[in-house]
Amino acid sequence: MSLDFQIFCKSTFEDTYSPRCFGEFFQFGQGTADPTYLDWLLTAWGWTISVSALALFIALVIGITIGTLRTISNETFLSKVLIFFSNAWVELFRNIPVLVQVFLWYHVIPMLIPILKNFPSFLLVSIALGFFTSARIAEQMKAGIFSLPKGQRMAAQSLGMTKVQTYRYILLPMAMRIVIPPLTSECMNIVKNSAVAFAVSVSELTLFAMQTQEETSKGIEMYLGVTALYIVTAFSVNRVMAWIERKTRIPGFIAPSSQGSH
Amino acid sequence: MKPSKFVQVILFSSSLLGIVCTTQAGTLEKIAETKTITMGVRDSSGALSYTLGDGKYTGFHVEICKRVIADLEKKLKTSIKVEYQSVTSQNRIPLVQNGTVDLECGSTTNNATRQKDVSFAVTTYVEEVRIAVKADSNITSIAQLVNKKVATTTGTTSVQLLRKHERANGVNFEEIFGKDHADSFLLLESGRADAFVMDGSILAGNIANAKNPKDFKIVGEVLSVEPIAIMMRKDSPASFKTEVDNSIKAMMKDGTIAKMYKQWFQDPIPPKGNRVGLELSENTKNAWANPNDKPAEDYIKK
């Protein structure tokens, strides 16, 4: 069996091949050419990155907030409500498969909240993926905060810090550093989980592979191309996180991990 | 000296590859030897091939295949055990090529690119790509779909067809890709899409199984014509294909296939007893009168 990577230079309309492999997408001011499968592949990559980035943003903001809320002391009525809410959030979004959640956001929830019908599927799938991952990040955040010695919270309070100050200046800076390794896994997972977006018509890499293998009959080449881009993306995320971990490390605070990433 | 770990891995994987490559004996010999045949079937390809649940499959093509296998049993003078393997648009060709599936009885278009990888029996059904809309819709032709939301299924030729049509006419559709036909139909049903462009039999099949079939209609011109055929491995000599073709040609000659068409496309079909209600097209009639395995490209030239 021979692989034919020329197929990426083929026009998506005609049986012609572009000499520069790029058609419409990167024409470099040399007139309009037919888009090639390579153009399409890169556009699809763009969608994968966009879905992942937006979902990651949502997941981090919500995950860190919810995770922190789960660790507050339950003295007042308000804090009891907040703890209940954040626990419910985690259990709800952690216990439903991600593909089911995507369908819920796309087919079911818009039935209940009509305004969501006008939302592009890109946004809905990012919300679904973001909420799903936020539950996992919240769980790690909670574990990170609880792993700190009790004395830290007590010391902060005996210095007269408010609850918010205790978290802002004492607990979170430590906990955030502790959770970077598991967070790296989550960030990489979000890239891989973004493949579910194909199910709701976002033309990302998985949809590209499924469609083009049918059109070109070169499924192996298409899937190899897509696999390579997934690896590049996930590995870049890994390296960025390793860099962040190195840059934010404070010597002596936390037992140094050997090579940055988990 | 022992080979290094790396070399071991390479040797191991290449020997696996060797096993895969050497199992490609003739399909007919394989069936005669193992006394089993694996039929590739679809979960929801309209009336052509679909599941009744519980691992049971039926449909126009599945029933044709059952008769072909009955003829094979006579020819080989042995009983053959039929195993079903559900396939999708994505995996059907690889599964036929690697020997998992012997006879694919789904809804596969016979085209020139695929003929390089697999072979097709004589065309049993000619598909016409049409538009399905809601019954209260005013859409009657593809020209009216401009700037409308058009659903179609990922991994089908209809996606390419729409894209080419957009460019040739300088118009724009808002395409929505369902992950399978049932999903695309749901998009139409829930109002997320204004139309569903797909093979006529699939549209008709989905409408027949809808909650209220009267809410939908098939409209507009025939957008594309594609020969649909039963698919099998490329053997040389093609003794298996000859057997399959002869069996099907006999059905075409004695009118069995026409009866089966009526049974699946016009009479009530299981599980719900709905009717697909698809008239026999001129193209399909021609294919039965002059049995051939010409690819889709030959139909366009006409």
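The values are calculated or read from the model by the stated rules, or taken from the named source; none is laboratory data. Computed from a predicted model, the values in this text were never measured in an experiment. Neighbour counts run over all protein chains shown; Cβ positions are idealised from the backbone, glycine included.
Condition check ((1) touching a Leu at 6+ places or on another chain (Cβ under 6 Å); (2) at pLDDT below 95; (3) polar (S, T, N, Q)) across all residues:
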position	(1), (2), (3)
A:Asn74	no, yes, yes
A:Val81	no, no, no
A:Ser86	yes, no, yes
A:Ile96	no, no, no
A:Tyr106	yes, yes, no
A:Lys117	no, yes, no
A:Ile127	no, no, no
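Scanning the stretch B:193-222 for residues that are of a type in the set (S, T, N, Q) and buried (at least 18 other Cβ atoms within 10 Å of the Cβ), which turns out nearest to B:Gly273 (Cα to Cα)?
B:Asn209
Within the set of pairs 6 or more residues apart or between chains, which connect a residue that is at the interface with chain B (Cβ under 10 Å from one of its Cβ atoms) and under 17 Å from A:Ser201 (Cα atoms) inside the stretch A:98-119 to a residue that is assigned to a helix (DSSP H, G or I) and among the small types (Gly, Ala, Ser) with Cβ atoms less than 9 Å apart?
That search, which allows pairs on different chains as well, returns A:Leu99/A:Ala199; A:Phe103/A:Ala128; A:Phe103/A:Ala199; A:Tyr106/A:Ser121; A:Tyr106/A:Ala128; A:Tyr106/A:Ala199.
Identify the single condition in (1) away from chain A (no Cβ under 14 Å); (2) touching a helix residue (DSSP H, G or I) at 6+ places or on another chain (Cβ under 7 Å); (3) among the hydroxyl-bearing types (Ser, Thr, Tyr) that B:Thr156 does not satisfy, given that it satisfies every other one.
Just one mismatch for B:Thr156, condition (1).
For the stretch B:138-189, give me the residue count where each residue is over 15 Å from A:Glu214 (Cβ atoms) and either in contact with a Cys (Cβ under 7 Å, 6 or more places away or on another chain) or among the hydroxyl-bearing types (Ser, Thr, Tyr) (or both).
Looking only at that region, the number is 2.
Need a quick list: strands (runs of 3 or more DSSP E) entirely within the stretch B:60-127 having at least 1 residues that are in contact with a Ser or Thr (Cβ under 7 Å, 6 or more places away or on another chain). Give the steps one after another, and end with the answer.
Numbers: elements: B:81-86, B:103-109, B:118-120.
The strands (runs of 3 or more DSSP E) meeting that bar are B:81-86, B:103-109.
Tell me, please, whether a residue that is small (Gly, Ala, Ser) and surrounded by 16 or more Cβ atoms within 10 Å (Cβ to Cβ) can be found in the stretch A:160-172. Step through it out loud before you land on a result.
To start, the set of residues in the stretch A:160-172 that are small (Gly, Ala, Ser) comprises A:160.
Imposing the further condition that a residue be surrounded by 16 or more Cβ atoms within 10 Å (Cβ to Cβ) reduces the set to none.
Within the stretch A:160-172, none of the residues are small (Gly, Ala, Ser) and surrounded by 16 or more Cβ atoms within 10 Å (Cβ to Cβ).
One line per residue, one yes/no per condition, for (1) basic (Lys, Arg); (2) surrounded by 19 or more Cβ atoms within 10 Å (Cβ to Cβ):
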| residue | (1), (2) |
| --- | --- |
| B:Ser224 | no, yes |
| B:Asp235 | no, no |
| B:Ser239 | no, no |
| B:Thr242 | no, no |
| B:Ile248 | no, yes |
| B:Lys253 | yes, no |
| B:Gly273 | no, no |
| B:Leu278 | no, yes |
| B:Ala287 | no, yes |
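Assess whether B:Glu297 counts as being farther than 21 Å from B:Cys105 by Cα, at pLDDT below 95, surrounded by fewer than 17 Cβ atoms within 10 Å (Cβ to Cβ) and not assigned by TED's automatic domain parsing to the domain that holds B:Leu103.
No; evaluated as a whole, the condition is false for this residue.
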